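*Asks:* The structure that follows is given in the form of structure tokens.
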Amino acid sequence: MKKVISKAVNIILVLVLLLAAGVMVLTGVNAKSGKATTILGYGFMAVQTGSMTPEYPIGSVIIIKETDPSKLNKNDVITFYSSHPGLNNMIVTHRIVEIIDDGDGTYSFTTKGDANEINDEYPAEGEKVIGKVLAKSSLMEKLVNLRQNPATFFVLILLPMCTLIAFEVFSIYKKNTAAKDGKSSENEEKK
């Protein structure tokens, strides 16, 4: 029973560490590439500016869910590719202040950053909406901020993850070796 519990804890620990590492990589890639990446309709984004303070200050990690533009409501916070020509399709997270039904089944949204005094100059087009912000993740924010310091990232994330993976590989190797030795003994006994 102890072995089963130990194995289950190890598997859960490896999965959590892989998820944490994946989220850190994903938010780093999103920030550097200017492209949003979602997995199974969900994504993590690191807030880069102060336009949504105090709710989402710089460095916050938000969880977004891909959402059909027709399902969005006034006051929803959305993440989208900006239509502003000077922003070059930059990813923006702002609050919907007005929904514009274009009449042909498409929508656009007047948006505004909570800390901004005026609405955004260009509306967010429905087809450029990445998703609706579900929440801010304090845990993921702390994990993402670890990547800022390579030594901390190595000691707290990579080293434990590599150690767990090494133990798992060693355990599999031992089982395979034991199974081969058992087959060799059976073959020698038959001769």
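Please treat every number below as a calculation from the coordinates, not as lab data. Keep in mind the model is a prediction, meaning the values are calculated, not measured. Glycine also receives a Cβ, built like all others from the backbone with ideal geometry; neighbour counts cover every protein chain displayed.
*Asks:* Order the peptides 93-99, 112-118, 4-10 from the highest to the lowest mean number of other Cβ atoms within 10 Å of their residues.
*Replies:* Values: 93-99: 18.6, 112-118: 13.1, 4-10: 10.4.
Descending packing order for the listed peptides: 93-99, 112-118, 4-10.
*Asks:* Determine, from the Cβ-Cβ distance of N73 and T49 and an R0 of 22 Å, the FRET efficiency 1/(1 + (r/R0)^6), rounded to the nearest 0.05.
*Replies:* On the way: r = 24 Å, r/R0 = 1.08.
Approximately 0.40, to the nearest 0.05.
*Asks:* In the structure shown, do any of K3/K174; K2/K136; K71/K128 have a Cα-Cα gap over 26 Å, and if so which?
*Replies:* Numbers: K3/K174 15 Å; K2/K136 37 Å; K71/K128 15 Å.
Exceeds cut-off: K2/K136.
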